[in-house]
Amino acid sequence: MPGSIKKAQEIAAGIPGSFIPNQFENPANPQVHRTTTALEIIEQMDGKLDAFVCTAGTRGTVTGTGEVLKARIPGIRFSSSNRRAHPFSQAATQVPHNIPGTSPGFIPNTLNTIVYDEIFLISDSEAAKMTRDLARLEGILVGISTGAAVHTALKVAKRLGPSKKVLAIAPDTGERYLSTNVFRD
């Protein structure tokens, strides 16, 4: 990802009036999740939620949604899933992986580390298997980062026990993965 950002900056430098949203640095990224995603979750769940799970890409959802849910729902647990090869709580290094939308290879400035309670480390194969299971067993076509989030949410739900409410963000669709090996065993 750092190479992609650098290339985007090079291209933008040659185009007068261009703009790079840079969601890794832009405070509007977590802010939109504070004012939309988090409030929708609270409304849809009637403010009753025991745990919230999301993957970690730009960290906008982690930070914005996490801050509001933690402030408004007492006792909520916030778990993030990240690829096993690179937990975002450690020094960032770019390691190849197969969970697009997660682990950009650095820790973005938008991340508020106080909001999450734990990080689940998910392997590429665990995320891919859950992605396939969601399509085959539930008829839900999602991408690999959603597979990682749901895999984590099921672990959290099992640990919390019956009657607890766990919500996972599904950040991507499976359409762009149809030509890959994700949906093949």
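The values are calculated or read from the model by the stated rules, or taken from the named source; none is laboratory data. Note that the coordinates shown come from a computational prediction; the quantities given were computed from them, not determined experimentally. Please note: Cβ atoms are built from the backbone with ideal geometry, for glycine as well, and neighbour counts cover all protein chains shown.
Restricting to strands (runs of 3 or more DSSP E) lying wholly in the stretch 73-168: which have 2 or more residues that are out of contact with any Phe, Trp or Tyr (no Cβ under 6 Å at 6 or more places or on another chain) and either at pLDDT below 80 or farther than 28 Å from SER179 by Cα (or both)?
77-83, 118-122
Please go through the stretch 1-40 and pick out each residue that is surrounded by 12 or more Cβ atoms within 10 Å (Cβ to Cβ) and among the basic types (Lys, Arg).
Once the filter is applied, which keeps residues that are surrounded by 12 or more Cβ atoms within 10 Å (Cβ to Cβ) and among the basic types (Lys, Arg), the stretch 1-40 yields only ARG34.
So for the stretch 130-152 (the condition being charged (D, E, K, R) and touching a helix residue (DSSP H, G or I) at 6+ places or on another chain (Cβ under 6 Å)), does at least one residue qualify?
So far as the stretch 130-152 goes, no, none of its residues is charged (D, E, K, R) and touching a helix residue (DSSP H, G or I) at 6+ places or on another chain (Cβ under 6 Å).
Can you name the residue in the stretch 41-65 that is part of a helix (DSSP H, G or I) and under 17 Å from the mean Cα position of the chain (by Cα) and, of all such residues, is surrounded by the fewest Cβ atoms within 10 Å (Cβ to Cβ)?
Among them, the one singled out is ILE41.
Need pairs with beta-carbon distance below 9 Å; first residue surrounded by fewer than 20 Cβ atoms within 10 Å (Cβ to Cβ) and within the stretch 138-167, second of a type in the set (Lys, Arg); sequence gap 6+ or separate chains.
ALA157/LYS164; ALA157/LYS165; LEU160/ARG77; LYS165/LYS48
Within the stretch 31-38, is there a residue that is of a type in the set (Gly, Ala, Ser), in contact with a Leu (Cβ under 8 Å, 6 or more places away or on another chain) and part of a helix (DSSP H, G or I)?
There is at least one residue in the stretch 31-38 that is of a type in the set (Gly, Ala, Ser), in contact with a Leu (Cβ under 8 Å, 6 or more places away or on another chain) and part of a helix (DSSP H, G or I).
Report, ordered by the first and then the second residue, all pairs with beta carbons closer than 9 Å, sequence separation of six or more or different chains, a first member in the stretch 1-23 that is more than 20 Å from LEU111 (Cβ to Cβ), and a second member that is surrounded by fewer than 10 Cβ atoms within 10 Å (Cβ to Cβ).
Hits for this filter: ALA12/PHE19.
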